[in-house]
Structure formats: structure tokens, C-alpha cells
1. Taking the stated definitions as given, is Ala243 assigned by TED's automatic domain parsing to the domain that holds Thr365, small (Gly, Ala, Ser), buried (at least 16 other Cβ atoms within 10 Å of the Cβ) and modelled with pLDDT of 95 or more?
2. How many of the residues in the range 24-60 are in contact (Cβ under 8 Å) with a residue 12 or more places away in the chain and either within 21 Å of the chain's Cα centre (by Cα) or surrounded by 15 or more Cβ atoms within 10 Å (Cβ to Cβ) (or both)?
3. Which pairs have Cβ atoms under 6 Å, sit 6 or more apart or on different chains, and link a residue in the range 259-270 that is farther than 13 Å from Val290 by Cβ to one that is surrounded by 16 or more Cβ atoms within 10 Å (Cβ to Cβ)?
4. Scan the range 295-326 for residues that are within 24 Å of Leu356 (Cβ to Cβ) and basic (Lys, Arg) and jot them down.
5. Kindly check whether there is at least one residue in the range 250-264 that is out of contact with any Leu (no Cβ under 7 Å at 6 or more places or on another chain), surrounded by 17 or more Cβ atoms within 10 Å (Cβ to Cβ) and closer than 28 Å to Ile103 by Cβ.
6. Of all the strands (runs of 3 or more DSSP E) wholly in the range 104-211, which have at least 1 residues that are among the polar types (S, T, N, Q), surrounded by fewer than 24 Cβ atoms within 10 Å (Cβ to Cβ) and in contact (Cβ under 8 Å) with a residue 40 or more places away in the chain?
7. Condition first: over 15 Å from Asn44 (Cβ atoms), assigned to a loop (DSSP other than H, G, I, E, B), under 22 Å from the mean Cα position of the chain (by Cα) and not charged (D, E, K, R). Can you find one or more residues in the range 241-256 that meet it?
Amino acid sequence: MKVLFNNLARQWDVIKDEVKPRLDLLFEQSNFIGGAPVDQFEENFAKYIGTKYGIGTSNGTDALKISLEALNVESPCGVIIPANTFVATVLAITYLCKLKADIQLIDCDEYFQIDTKLLEKCLKENRNKWKSCVIIPVHLFGHPADIRRIVELASEYDCKILEDSSQAHGALVDGKKVGSFGDISAFSLYPGKNLGAAGDAGIITTDNEELYQKCKSLRNYGSSKKYFYDFKGYNHRLDTIQAIIVDEKLKHLDKWNNMRIEVAKKISDLMKDIDQVITPKLAPYAEKNVFHIYAICIKNRDELQKYLNENGIQTVIHYPIPIQKTKPFSYLDHFNNENTIRFADEMLSLPIHPYLEDKEIEYITTTINNFFK
């Protein structure tokens, strides 16, 4: 049997009858940049997250970059991010050449999220060195960060919050969706995300009208009116064709997330007696993990991955090289970050998507059990 890590074709089967007429109309009218479909998706997504505004962008990295620039923070600025995250989070910071950013990498906890105790320690030791501070929590793998505690710390230490919600569309804390807690939030809509386009796309959410207007202008050359430029901006607009696709997928997102949760539960239940495998846990503060990634931890990760691959099961490693050990960011290697480094050696992401069938789930878990036998 061959088990795919993801199966986006099944999502297309669900939405294609609704999407095709909208795409036909788009090509007939040939309004490929902006327009009503983009406005409609921005409005629908903001409503879904629970914010006043949504700003579509070209991808999630650009959403982070625009969001950070819109905050208009003073230099030197402490920018605090998890050590355990995708490189886009830190890259977005470095793209702002005018910002003198003191990047602080904070280790993760057992839920793979930024450790708020270490975050508090970092703020106590460093906040007085900076004119401003931005905390960028990443809701990693679909599990929320401890955002309530982060909001408390941001208030206490006068920090802005830019949520990186790129892996957690629909995740909940106290009945409220991530992406609605901070000053501003960035989402990736990369194809493999819980809400994914048919190419690169992203979106920003906020309740702040000033940030909303600034982000809209920044994504469009720094212009709020054609040929009138308020500042240097970018060409980071959301393609209309992508807006149509993700707008239709948005209607099914909660159902797909719940299907992911059920798949994850089945996998965990079938592996509960394998002592060598640590399965994902839900933190006490979190209400809903939407399982963008189902990551297990094991000591002999590489051997298991090879065995699963030989048996037709696709897996992925998130992330084999911590940010501080990559060439561009090796200057950050004085940070300890024990959990992040350990997870880089032990973490393995199993197939997870809404349409993973019971026979595939049983095959995955049986194969893992056979490996340890």
C-alpha cells in the first residue's frame, strides 16, 4: 500500500463544482488582479477568524513582513520568536533593512510551542535594552501557542504581538480563534495548509484600522490610490484566482479540521501501547488543535522513516536543522534551546489530512508497531 503525506486532490473533488463557474467568470471578465473576489475572501476570512479586517497577500512570508513593517516599531527592536519554527518567520524580520532587530530565539515546550517561562525570562533580562519589542508566537503544527499568557506578558513589558498563524487556521483558545489575539496576525495559504490555495497565497488579520490601511498600501507599492505613493511598498498582492479557490475552501474548513482531529485521535489510539513513540498532546490552555502536522517523537527517527518509506508511507521531518544551526543564522548559535535541538533529531511527521482512510491509518500504525517488534 502507498500512503501519501497529504491528498489535496480530494479537496478539489469537493469544491470543483462550485469553483469552476467562478473561475469561468473570472476568465471571461479578465479581471485578474484585485476586484470583488479578493474583497469577498478578505471579508469572509476576517469574519471566520473574528477580526474586523483581512488583507490578502502573495504568500505567508510576505504577510509576516508587511505586518511587521506596518507596526512601525522603533530601533533597536527586540524581536522574539520560537526557536522551533520554519525559517520564514525569521527571514521576514531580516527583510526589513531599516529595522535594527535583536532577534531572540526562545526554546519550545512539550507541545512544540514557544516556552512562555523562557519568554518571560528573556523579557526581564532584555526589555530595557530596546526601544520597542515585538513577540511573534507561532501556533505550530495546528496547536495554539499559550497566547493568553503571551498577551499578559506583552502588556506587562510593552510589546506588540504579531501572531504567526500560518499552521493553525481554525485553532481555538477559550472559544476564540488564533489570529485574533495579537495586534496583527499573518497566515500562509500555501497549498498544504489546512486552508490552502492552488499556489502561493497569504492573508493578514487585524482589528486595528490604521494597521489595516497600512498593510493594504504596503502590499500595493505603498499606494492607496493609483500613482500616488505614501511610502515604499511592495508588489505583494493576493492573486484573484487564488482568492476564489480559498474562499470556496473556507466554507469547508471547519469540517476538514474536525476530520483531521478524528484522524489524529485514531492514530494516537492505535499507537498508545507503543512505548517508544511519544504522540502529540493537547496543552491545558488549548481548546482545539487542528493538526496541520501530526508529529511523533522517537529516538531512532531516521531508521523508522527509512522503514516507513520502504513500506510506501510518506513522512516529513519538521525541522531537521534548527534556525540557529542554519548558515544565514549561525550567529544565533549561542542560544541553548535544548528541546528544539532534540526535536530536530527525534521528530517525525506522519501522514495527516482530512481524507486519510481507516485502512491507511491502520496500515501506518501497524507498520510502526512492526518496526519496533
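The values are calculated or read from the model by the stated rules, or taken from the named source; none is laboratory data. These numbers come from a predicted model, not from an experiment. Cβ atoms come from the backbone with ideal geometry, glycine included; neighbour counts cover every protein chain shown.
1. Spelling it out, it is not the case that Ala243 is assigned by TED's automatic domain parsing to the domain that holds Thr365, small (Gly, Ala, Ser), buried (at least 16 other Cβ atoms within 10 Å of the Cβ) and modelled with pLDDT of 95 or more.
2. Keep residues of the range 24-60 that are in contact (Cβ under 8 Å) with a residue 12 or more places away in the chain, which gives 26, 31-35, 37-38, 40-42, 44-46, 48-60.
This time we only want the ones that are either within 21 Å of the chain's Cα centre (by Cα) or surrounded by 15 or more Cβ atoms within 10 Å (Cβ to Cβ) (or both), so: 26, 34, 37-38, 41-42, 44-46, 48-60.
Final tally of qualifying residues: 22.
3. Going by the 6 Å Cβ cut-off, the qualifying pairs are Lys266/Ile361; Ile267/Ile361; Ser268/Thr279; Leu270/Thr365.
4. Arg301, Lys306, listed by residue number.
5. No.
6. The qualifying strands (runs of 3 or more DSSP E) are 132-135.
7. Of all residues in the range 241-256, those over 15 Å from Asn44 (Cβ atoms) come to 241, 255-256.
Checking which are assigned to a loop (DSSP other than H, G, I, E, B) leaves us with none.
Looking through the range 241-256, none of the residues is over 15 Å from Asn44 (Cβ atoms), assigned to a loop (DSSP other than H, G, I, E, B), under 22 Å from the mean Cα position of the chain (by Cα) and not charged (D, E, K, R).
Conditions tested, residue by residue: (1) in contact with a strand residue (DSSP E or B) (Cβ under 7 Å, 6 or more places away or on another chain); (2) of a type in the set (Val, Ile, Thr); (3) closer than 26 Å to Val316 by Cα.
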{"site": "Phe231", "(1), (2), (3)": "no, no, no"}
{"site": "Ala243", "(1), (2), (3)": "yes, no, no"}
{"site": "Trp256", "(1), (2), (3)": "no, no, yes"}
{"site": "Val263", "(1), (2), (3)": "no, yes, yes"}
{"site": "Ala286", "(1), (2), (3)": "yes, no, yes"}
{"site": "His292", "(1), (2), (3)": "no, no, yes"}
{"site": "Leu304", "(1), (2), (3)": "yes, no, yes"}
